Amino acid sequence: MTALDGTVLDTNEAAVRLYRVNRGAVLGRYFGQFISADEREMARRRQIVWAQGRGTFGDHGHRPDGSEFPVEVEVRVVELGGQRRFLSLVRDLSDQERLTSELLQAQKMEAIGQLVSGVAHELNNPLAAIIAFSQLMRGDPRLPTT
């Protein structure tokens, strides 16, 4: 939960684990410090959320140790105690990106396998004819054997 200026007012345990920080290190800080979007992009996103009441954005999360991870940030405007706030739901996409990468690699390997299979088939057809013809020639008594 953030104030309209982006100051983090509250967070849950899932966010603390995701960012590998203690709760106190998050509260009072600017939400933009935890993602890769620059201030101009953050302003653009706030305008979208204000106009539509919600928005979903792809980004990269930044941990205090300098590590990054892919995230999807869904932001909604909520009202608590008569005040408007931004509720941000941050989803870690690391597993999804890893699985997508593995699927892409498997598809590449499948394509290579099909290509190799096709090449082998194209080579085997003429080779089979050459072998069969050479066997016929070996059986011809008119040809010298040496």
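The values are calculated or read from the model by the stated rules, or taken from the named source; none is laboratory data. Keep in mind the model is a prediction, meaning the values are calculated, not measured. When we count neighbours, we look across all protein chains shown, and the Cβ atoms used for this are built from the backbone with ideal geometry, even at glycine. In case anyone asks, the SASA skips ligands and DNA or RNA and just uses the protein heavy atoms, side chains included. Shrake-Rupley method; radii C 1.70, N 1.55, O 1.52, S 1.80 Å.
A few points about this structure:
- Residue within segment 110-121 that is under 30 Å from ASN22 (Cβ atoms) and within 26 Å of the chain's Cα centre (by Cα) present: no
- Criterion violated by PRO70 - all others in (1) under 30 Å from TYR30 (Cβ atoms); (2) of a type outside the set (Val, Ile, Thr); (3) more than 24 Å from the chain's Cα centre (by Cα) satisfied: (3)
- Near pairs, Cβ below 9 angstrom, 6+ apart or cross-chain, from segment 88-114 (farther than 30 Å from ILE48 by Cα and open to solvent by 90 Å² or more (accessible area, probe 1.4 Å)) to any residue that is in a helix (DSSP H, G or I) and polar (S, T, N, Q): none
- Qualifying residue in segment 53-67 (condition: of a type in the set (Asp, Glu) and part of a loop (DSSP other than H, G, I, E, B)): yes
- Hits in segment 16-36 (condition: touching a helix residue (DSSP H, G or I) at 6+ places or on another chain (Cβ under 7 Å) and small (Gly, Ala, Ser)): GLY32
- THR56 being over 27 Å from ASN22 (Cβ atoms), surrounded by 14 or more Cβ atoms within 10 Å (Cβ to Cβ) and under 29 Å from the mean Cα position of the chain (by Cα): yes
- Boolean, ARG142 is basic (Lys, Arg) and open to solvent by less than 100 Å² (accessible area, probe 1.4 Å): no
- Residue list for segment 70-87, filter: surrounded by 16 or more Cβ atoms within 10 Å (Cβ to Cβ) and under 23 Å from ARG17 (Cβ atoms): PRO70, VAL71, VAL73, VAL75, ARG85, PHE86
- If the condition is being touching a residue at least 24 places away in the same chain (Cβ under 8 Å), in a loop (DSSP other than H, G, I, E, B) and within 15 Å of LEU89 (Cα to Cα), then segment 1-45 contributes MET1, ALA3, GLY6, LEU9.
- Test: residue in segment 15-30 that is among the basic types (Lys, Arg), touching a Lys or Arg at 6+ places or on another chain (Cβ under 8 Å) and surrounded by fewer than 17 Cβ atoms within 10 Å (Cβ to Cβ): yes
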